[in-house]
Amino acid sequence: MVKKIKNLKEFSLSNDRFEGANLMCPGCSHNIIVREVLNATNDPVIVATATGCLEVCTAVYPKTSWDVSWIHIGFENAAVAAATVSAAYEVMKRKGKLPPATQKMVDEGREPKIVAFAGDGGTYDIGFQSLSGAFERGHNFMYVCLDNEVYANTGGQRSSSTPIGASTTTSPAGKVSYGEKMMKKSMVEIMADHGAPYVAQVSPSKWKDLVKKVQKGFEVNGPVYINAQSACTTEWKHAPEDTIEVSDLGVDSCVWPLYEIINERDEHGIIYNTKLNITYRPKNKIPVEEYLAAQPRFRHLFKPENRHIIDLWQKAVDTKWEYLQKREEAGV
Amino acid sequence: MAKKYELNELEVWDGNMAAAQALRQADVDVLAAYPITPSTPIVQNYSKFLADGYVDGDFIMVESEHSAMSGCVAASAAGVRAATATSSQGFALMVEVLYQASGMRLPIVLTVVNRALAAPLNVNGDHSDMYLGRDSGWIQLCSYNPQEAYDLTLMAFKIGEDLNVRLPVMVHQDGFICSHTAQNVYPLQDEEAAKFIGEFKPVNTMLDVANPVTHGVQTEEDWHFEHKARQHNDLMNSFSTIKKVFDEFKDLTGREYDFVYKYKMDDADVAIFALGTTVESARIAADQMREQGIKAGVISLRVFRPFPFNEVAEALKDVKAVATLDRSAPGGTFGALYNEVSAALLAHGKNPVMLNYIYGLGGRDTTIDMLKEVYKELDECAKAGEAKYPLQQFLGLRGPKLAFY
Amino acid sequence: MGKKSLKDIKDVNEIKELGWDELIPGAALFSFTEPVEDVVEVPMDERPYAPTNSHEWQVGDWRVEKPVYNRDLCIDCQFCWVFCPDMSILSRDKKMIGVIYEHCKGCGICVEVCPTNPKSLLMFPEHLDNNEALKMWPKKEEKEK
Ligand SMILES: Cc1ncc(C[n+]2csc(CCOP(=O)(O)OP(=O)(O)O)c2C)c(N)n1
Ligand code: SF4
Ligand code: SF4
Ligand code: SF4
Ligand SMILES: [Mg+2]
């Protein structure tokens with residue numbers, strides 16, 4: 001059942017199912033994303049989480065920060081965990097063996113929503129196989145990647161989501177290195193190419209856009225992928241109070257474009273149309289430099305010998321932004 | 001509702017079919033699996049049952065064994081019956097999640113068709129995968145033929161799901177020699193089997209939205225030890241449930257199981273201690289030795305984990321020389337069986353001659369003659385009252401004799 | 001099962017003393033002490049929290065500075081509510097009520113996103129009394145030309 005959220009005041013009527021006194025860093029975006037996702041629905045939610053900051057900080061014995069059922073198995077299997085909880089739910093529903101409270105919800109048209117949260121490490125890298133498998137099999141669940149572009153939980157090592165030029169503990173900037181050498185992997189397109197009915201990129205700073213996309217995702221049948229920008233005060237090295245501002249800089253520079261890809265499928269699951277919608281268009285597209293300057297992980301790029309990486313960044317961002325606009329226009 | 005599968009009183013099944021039929025009868029809610037020789041036919045048979053309408057639950061062909069076991073963990077935590085099958089490399093890929101399954105106390109059933117571990121790659125039976133699981137906190141049951149594979153798979157659900165146990169259970173059978181060899185099996189009818197196993201009893205199910213539960217927590221130095229201790233305690237104490245289930249099964253079928261399997265051990269002077277199908281060859285060898293006047297016996301484990309320490313010592317208390325046969329490359333020490341049996345005997349003040357034979361790796365045939373040779377060596381040691389041979393020898397190996405100590 | 005179990009414990013401090021025999025197999029944790037049929041309908045401070053719910057614990061001592069709330073200036077826009085990472089802005093019936101100091105980690109996000117001028121939330125040293133802080137509130141900032 002879609003929850004009505006017309007504006008922020010209405011949204012603030014939500015009663016959180018994610019609890020305080022967890023051990024996430026002050027100012028962590030992961031938490032903001034989790035709140036926005038859970039509060040996007042009033043239906044019951046069941047959560048699977050991959051090893052990573054969110055997992056190690058919200059279920060440290062003897063405390064849980066979850067008011068929904070929650071499971072963590074490992075680093076690389078959040079997708080299959082959520083997918084199989086979803087399968088188990090379907091079997092019990094079919095067999096008429098759901099617990100009474102759950103059955104009651106189902107009867108009211110409030111089916112549980114099954115959500116996986118995983119970091120970029122657990123998604124782009126080690127969990128990719130499990131994610132790809134679960135999407136190919138078409139289970140009914142939502143997968144949210146908390147993308148802070150680094151293995152934050154283990155001290156800031158690079159992942160395949162780390163963007164070029166970022167200094168991480170395994171791609172440090174040094175006398176002869178400008179930091180990470182590879183461009184960020186295009187996870188949104190990769191997941192859309194799995195044929196998933198709904199794939200979107202979001203930022204917690206644009207809460208309404210995020211909530212709307214999550215709600216759309218909850219309504220479709222099949223696996224949904226949400227790539228969430230997650231500014232990490234510890235590894236991006238900005239001040240905790242700047243989390244929302246840094247996120248906004250990412251969105252307004254189009255480093256982190258907000259868009260969705262919808263694979264329209266007929267009753268047999270055959271895709272007859274794919275469309276891409278840009279859901280936020282900055283009034284003034286700000287230079288990438290401003291985004292980079294706000295984060296000390298890129299500080300070394302401002303040295304003369306590394307300036308060419310900033311130019312490359314701008315080119316990459318412009319190219320992607322143009323590509324997205326072309327796709328949107330062409331309706332593909 | 002699944003269709004009833006018409007079964008004859010006597011079926012001719014190989015070990016894989018026997019295991020698959022038991023899984024079908026257990027009405028598994030979520031079976032997540034991935035194929036690997038020699039356990040593949042379990043998965044194939046099961047999919048055929050599904051295709052023909054004999055399965056009610058969900059069957060998920062996942063993209064790896066890691067996901068197969070992860071799927072079982074998630075389904076089990078969600079409060080449904082979950083099972084899978086694997087061998088060798090697939091088993092190795094599951095290892096991380098095996099510990100998660102037992103640590104989270106989820107009564108998953110895993111049918112393992114034992115096979116060697118690469119490198120070099122080998123598809124045939126040995127016990128490397130079974131040994132790899134021995135510290136994983138699972139109950140491990142051993143079968144030697146299709147009938148036992150069937151029986152123990154049914155019992156595995158009942159043991160693991162018992163509220164005093166709530167631990168995952170592996171049922172082992174040997175690759176090819178058991179898994180691919182058709183033999184007589186007396187099955188239970190579907191209703192009988194279902195009644196014997198009973199309904200799955202969810203504990204802390206994630207599907208109950210009114211009682212949210214957190215599974216798979218982090219415990220650090222202030223808690224981890226206590227949780228692992230609790231887990232070990234409950235695994236050690238699972239003997240009583242295992243016994244209870246064995247007894248109930250005997251009442252139902254007349255087929256008898258015990259923690260330790262013994263053949264002509266009552267008056268044995270020498271004994272071969274082996275696991276799996278080798279037990280059947282050893283029985284023939286023992287009979288032939290007895291014709292020559294050597295009091296030979298065979299001993300094996302039905303329950304590999306928890307290890308029946310006292311029962312092993314009791315069964316061997318009057319034996320003068322024991323050969324433990326380990327079918328897994330020991331990796332720099334004695335075979336696991338040798339170490340564990342020796343410890344049991346020592347603790348009970350017994351000191352027979354103990355020899356360790358490494359044998360049958362990668363499916364190498366172990367003949368009756370080879371086992372008789374072992375008995376002869378044991379007999380010499382028994383008569384001399386001391387080891388007349390190196391403590392560890394490789395059996396049936398080409399090239400110069402390989403032995404240590 | 002042991003004498004008492006984690007499920008029966010009401011006092012957070014008792015948990016620390018539990019021995020191995022008193023633990024719930026599998027280290028499962030529960031959010032509530034009794035069933036809550038529809039948790040979204042129950043405001044946070046009315047839920048039957050289990051002592052194993054982090055809600056019952058506190059992280060306030062992580063702070064060096066705390067956000068202080070000035071009701072007089074607030075327009076109830078709820079920016080602070082939506083962006084607080086730690087569920088520490090107490091909001092009822094679309095009104096901002098205050099800061100939950102037990103759970104606030106002092107990140108300062110709420111202050112940054114507060115749109116009023118002067119801000120309705122400001123960071124002050126942890127030891128300063130809130131009434132003192134309110135007295136020290138700055139005046140409206142003139143926009144730079
Ligand atoms: C199989 C396995 N390999 C490595 C690790 C160590 N490890 C735990 S979390 C983590 C990084 C997590 O990064 P990410 O998924 O991006 O999540 P974040 O902490 O950044 O939110 C690593 C490398 C592990 N737990 N399991
Ligand atoms: S390291 Fe980053 S992602 Fe992890 S808790 Fe801290 S701020 Fe959040
Ligand atoms: S300082 Fe941070 S944690 Fe505290 S109320 Fe403000 S946003 Fe929430
Ligand atoms: S952000 Fe400021 S104005 Fe808006 S509700 Fe919070 S305190 Fe009030
Ligand atoms: Mg990360």
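Bridging of B:K3 to lysines at a Cα separation below 18 Å is possible for A:K95, B:K48, B:K195, once same-chain residues fewer than 8 apart are set aside. Within a straight-line Cα-Cα reach of under 19 Å, A:K275 can be paired with the following lysines, leaving aside sequence neighbours fewer than 8 residues apart in one chain: A:K212, A:K213, A:K216, A:K320, A:K326. Buried accessible area for the C:A pair, summed, 1.4 Å probe, in Å² rounded to 100? Chains C and A together bury approximately 3900 Å². Taking a ≥ b ≥ c as the square roots of the eigenvalues of the alpha carbon gyration tensor, the stretch B:116-192 is oblate, as a/c is not under 1.5 and a/b does not beat b/c.
With a ≥ b ≥ c taken as the square roots of the eigenvalues of the C-alpha gyration tensor of the stretch B:263-404, please select rounded if a/c is under 1.5 and otherwise prolate if a/b is larger than b/c or oblate if it is not? Rounded is the answer for the stretch B:263-404, as its axis ratio a/c remains below 1.5.
Both chains summed, the buried accessible area for A and B stands near 3300 Å², from protein heavy atoms and a 1.4 Å probe. Solvent-accessible area of the stretch A:68-216 (1.4 angstrom probe, protein heavy atoms only): carbon and sulfur portion equals 56 percent. Here the stretch C:46-101 and the stretch B:305-381 have alpha carbon centers that stand 66 Å from each other.
Compare B:E221, B:E161, B:E248 in a GNM of chain B, Cα atoms joined below 10 Å, and give the one with the largest fluctuation. Result: B:E221 has the largest fluctuation of those listed. The eigenvalues of the Cα gyration tensor, multiplied by 5 and square-rooted, give the stretch C:60-135 an equivalent ellipsoid with semi-axes of 17, 15, 11 Å from largest to smallest. Counting lysine pairs in the stretch C:60-135 that sit 8 or more residues apart in sequence, or on different chains, and whose Cα atoms lie under 22 Å apart gives 9. The calculated P(r) of the stretch B:49-106, using every Cα pair and 5 Å bins from 0, goes 4, 19, 27, 22, 16, 8, 3, 0 in percent. Dividing the summed helix terms, -39500 (n - 2.57) for each DSSP H run of n ≥ 4, by the number of residues in the protein assembly as shown produces a 222 nm estimate of -10000 deg cm²/dmol to the nearest 500. Just report the Cα centroid separation between the stretch B:18-87 and the stretch B:271-288, whole Å. Each part's Cα centre sits 32 Å from the other's.
Between C:F32 and C:A50, the built amide H atoms are under 5 Å apart, and every one of these is 5 or more places off in sequence or on another chain. Heavy-atom accessible surface of the protein assembly as shown, averaged per residue, reaches 38 Å², computed with a 1.4 Å probe.
Taking the protein heavy atoms of the stretch C:1-136 in the context of the full set of protein chains, the accessible area attributed to carbon and sulfur is 51 percent at 1.4 Å. Helix B:15-25 and the long axis of chain B differ in direction by around 30°, with both axes built from C-alpha atoms. Annotation for the stretch A:226-285: trypsin sites (Lys or Arg not before Pro) lying in DSSP loop with at most 16 further Cβ atoms inside 10 Å of their Cβ are A:K237, A:K283, A:K285. Quick one: with all protein chains in place, what share of the accessible area of the stretch B:263-404 is carbon or sulfur, to the nearest percent (1.4 Å probe)? Exposed carbon and sulfur together represent 50 percent of the surface.
For the set B:S67, B:S281, solvent exposure ranked by accessible area (probe 1.4 Å, protein chains only) runs largest to smallest as B:S281, B:S67.
Does the stretch B:11-253 come out rounded, prolate or oblate, given a ≥ b ≥ c as the square roots of the eigenvalues of its C-alpha gyration tensor, rounded meaning a/c under 1.5 and, failing that, prolate meaning a/b above b/c? Since a/c stays below 1.5, the shape of the stretch B:11-253 is classed as rounded. The interface between chain B and chain C buries about 1700 Å² of solvent-accessible area in total (1.4 Å probe, ligands and nucleic acids excluded).
State to the nearest 20 debye the size of the charge dipole of the protein assembly as shown about its Cα centre, where the only charges are +1 on K and R beta carbons and -1 on D and E beta carbons.
The dipole magnitude comes to about 1420 debye.
Given a 1.4 Å probe and the protein chains as shown, C:W62 ends up with an accessible area of around 100 Å².
Highest mobility in the GNM of chain A, judged by mean-square fluctuation with C-alpha springs under 10 Å and restricted to A:G127, A:G165, A:G155, is found for A:G155. For A:K175, a cut-off of 29 angstrom between C-alpha atoms picks up these lysines, skipping any fewer than 8 places away in its own chain: A:K184, A:K185, A:K237, A:K303, A:K315.
Rounded to the nearest 5, what is the percent of antiparallel bridges among the DSSP beta bridges in the protein assembly as shown? Among the beta bridges of the protein assembly as shown, antiparallel pairing accounts for roughly 35 percent. Between the helical axis of A:29-39 and the longest alpha-carbon principal axis of chain A there is an angle of about 30 degrees.
The values are calculated or read from the model by the stated rules, or taken from the named source; none is laboratory data. From a predicted model like this one, the values you see are computed outputs, not experimental measurements. All Cβ positions, even for glycine, are placed from backbone atoms using ideal geometry, and neighbour counts span all protein chains on display. Surface areas here come from the heavy atoms of the whole protein model, side chains and all, with no ligands, DNA or RNA. Shrake-Rupley method; radii C 1.70, N 1.55, O 1.52, S 1.80 Å.
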